[in-house]
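Notes follow the structure.
The values are calculated or read from the model by the stated rules, or taken from the named source; none is laboratory data. The shown structure was predicted, so the numbers you read here are calculated from the model rather than taken from an experiment. When we count neighbours, we look across all protein chains shown, and the Cβ atoms used for this are built from the backbone with ideal geometry, even at glycine.
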Amino acid sequence: MNGLRNRLVLVFLAATLVPLLATLWMTTNLLERSLSYASTRELDEISKSLQSTGREFYLNARESLKTQATAGTVKPQAFTAASRATWPDSVTEFWESNEPERFVFAGPSNDRLDYLVRSAVQVSLYSKSLPVNMRQLSEQYSRARNLVDNARVRDLRRGFTYTYVLLTAGIWLLSLGLLVFLANRVSRPIRQLTAGLSELAAGNFSARILNDREDEIGRATEAFNRTAGQLQQSRDRLVYLTQLASWQVLARKMAHEVKNSLTPIRLTVEEMVARHSESNRAFLEQAAQIVVDEVESLERRVRAFSEFSAEPPVHPATIDVNALLEERIAFLQTGHPEVSYVVRQAESMPTAMADEDLVKGILMNLLENAAEAAGPGGRILAATSAIDGRVAIEVHDSGPGLSEQARKSLFQPTISFKKRGMGLGLSIARKSALLSGGDILLVAGELGGAGFRVLLPVAANGQQTHPDR
């Protein structure tokens with residue numbers, strides 16, 4: 001029920017907590033890295049002290065080994081010229097260098113000091129083990145000096161500061177972009193709804209908004225579309241009823257004028273027939289009958305205009321549309337035996353609330369028109385269903401259908417001189433449907449011809465009717 005509110009809360013949390021957590025993580029990470037670096041000045045002093053200590057240790061070890069060799073307390077390893085082929089590389093290199101003596105580090109970790117002494121016929125090698133791993137000491141010293149040299153070249157504090165500022169700015173800019181995107185996504189349906197309301201207020205009742213949401217905005221959009229549709233239908237009905245009202249005034253005036261002229265014509269012709277001689281009576285009777293038939297045709301048209309202009313009282317009541325449709329079809333089948341009727345009823349139909357006499361007149365008009373359009377051997381489909389909370393009755397025929405011009409003025413009152421048509425049938429039928437709270441719509445024909453749908457309001461008690469009742 002509060003989807004929009006929850007979404008806004010999530011957007012707010014995402015816009016505040018995400019950049020805050022990212023900034024905290026970045027700050028902690030950079031702080032740990034910065035603390036891992038020791039002071040370069042202290043490291044420089046330690047490395048220099050290590051160098052001095054190592055040098056003093058090396059010089060003392062040399063003097064001690066040389067003293068012991070001179071005193072004869074250390075026995076040498078002799079490498080004679082006869083065994084030169086087996087000399088180690090260090091001994092061979094020393095012999096070829098012509099140096100009188102040399103000190104070199106030996107062993108896998110430089111933990112032994114060798115003292116090489118040349119004589120005329122051999123090389124004497126004196127060795128002394130060292131308590132310090134000179135190779136490891138040398139490597140540590142090299143790493144320390146590299147760190148000091150790198151620290152002098154680069155300003156770590158400034159680098160950390162620039163990195164922190166850039167990363168912080170990047171995170172907040174990214175968060176701002178995400179916030180703008182989410183805000184636009186949340187506010188877009190509200191802007192669409194506002195634009196739709198503006199169009200509706202400007203008189204565009206066909207304005208609709210695409211809706212694929214199920215939250216409060218989705219329900220508001222659905223309510224807007226439904227309201228716009230109802231306003232459009234109400235406007236169309238009002239326009240139609242206004243047009244009918246103007247035609248009614250014309251119809252009443254025309255009916256009055258035509259009736260005033262027809263009555264004396266009919267009385268005069270009948271008097272002529274009654275008083276004329278017997279010799280010409282057959283001719284006069286034939287002529288009089290023609291005049292009388294035409295006068296009666298005009299009277300029927302006058303009555304049709306009178307019905308069209310009249311405002312009949314409406315007495316709404318519950319109607320079983322399935323039973324009423326079957327009764328109308330059974331009544332018309334005797335007059336059109338050459339037409340086949342098919343009835344398709346919904347399994348469960350709500351009762352309608354309308355004037356039964358008006359609904360009968362609507363069905364009679366639609367079924368009669370369908371029979372005339374279908375012609376001999378044609379088919380008529382009558383169906384009932386429930387659509388959008390209203391009762392629907394549809395009539396389809398297999399006739400030639402309606403032209404585009406006929407569709408444009410289908411429900412407009414016209415004057416027809418067909419033998420059985422007045423040109424007011426569909427206008428009267430739609431007027432009756434509107435007075436009953438419904439309407440008549442033109443739909444796609446299922447049999448290849450025309451199709452009409454009568455919509456009626458559902459009774460408030462919600463009773464259901466079944467085809468087998």
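Data overview
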| quantity | calculated |
| --- | --- |
| Some residue of the range 76-89 being at pLDDT 80 or above, charged (D, E, K, R), surrounded by 11 or more Cβ atoms within 10 Å (Cβ to Cβ) and outside the structural domain of Leu167 (by TED's automatic domain parsing) | yes |
| Residues satisfying the stated conditions in the range 196-209, i.e. in contact (Cβ under 8 Å) with a residue 12 or more places away in the chain and either farther than 30 Å from Leu435 by Cα or touching a Gly at 6+ places or on another chain (Cβ under 6 Å) (or both) | Gly196, Ala207, Ile209 |
| Residue within the range 183-196 that is under 21 Å from Gln230 (Cα atoms), hydrophobic (A, V, I, L, M, F, W, C) and modelled with pLDDT of 75 or more present | yes |
| Filter result for Arg208 (modelled with pLDDT of 70 or more, of a type in the set (Lys, Arg) and over 30 Å from Lys431 (Cα atoms)) | no |
| Helices (runs of 4 or more DSSP H) wholly inside the range 320-408 that include at least 1 residues being touching a residue at least 60 places away in the same chain (Cβ under 8 Å) | 321-333, 356-374 |
| Meets criteria (modelled with pLDDT under 80 and more than 24 Å from Leu178 (Cα to Cα)) for Ser64 | no |
| Any hit, the range 344-354, residues being within 18 Å of Ile428 (Cβ to Cβ) and at pLDDT 90 or above | yes |
| Where Val123 falls short, out of the listed (1) at pLDDT 75 or above; (2) surrounded by 13 or more Cβ atoms within 10 Å (Cβ to Cβ); (3) of a type outside the set (Gly, Ala, Ser); (4) more than 30 Å from Leu113 (Cβ to Cβ) | (4) |
| Where Ser427 falls short, out of the listed (1) modelled with pLDDT of 90 or more; (2) surrounded by 20 or more Cβ atoms within 10 Å (Cβ to Cβ); (3) more than 21 Å from Ile319 (Cβ to Cβ) | (1) |
| Candidate set: the range 96-129, residues that are hydroxyl-bearing (Ser, Thr, Tyr) and part of a loop (DSSP other than H, G, I, E, B); chosen: the one nearest to Ala78 (Cα to Cα) | Ser119 |
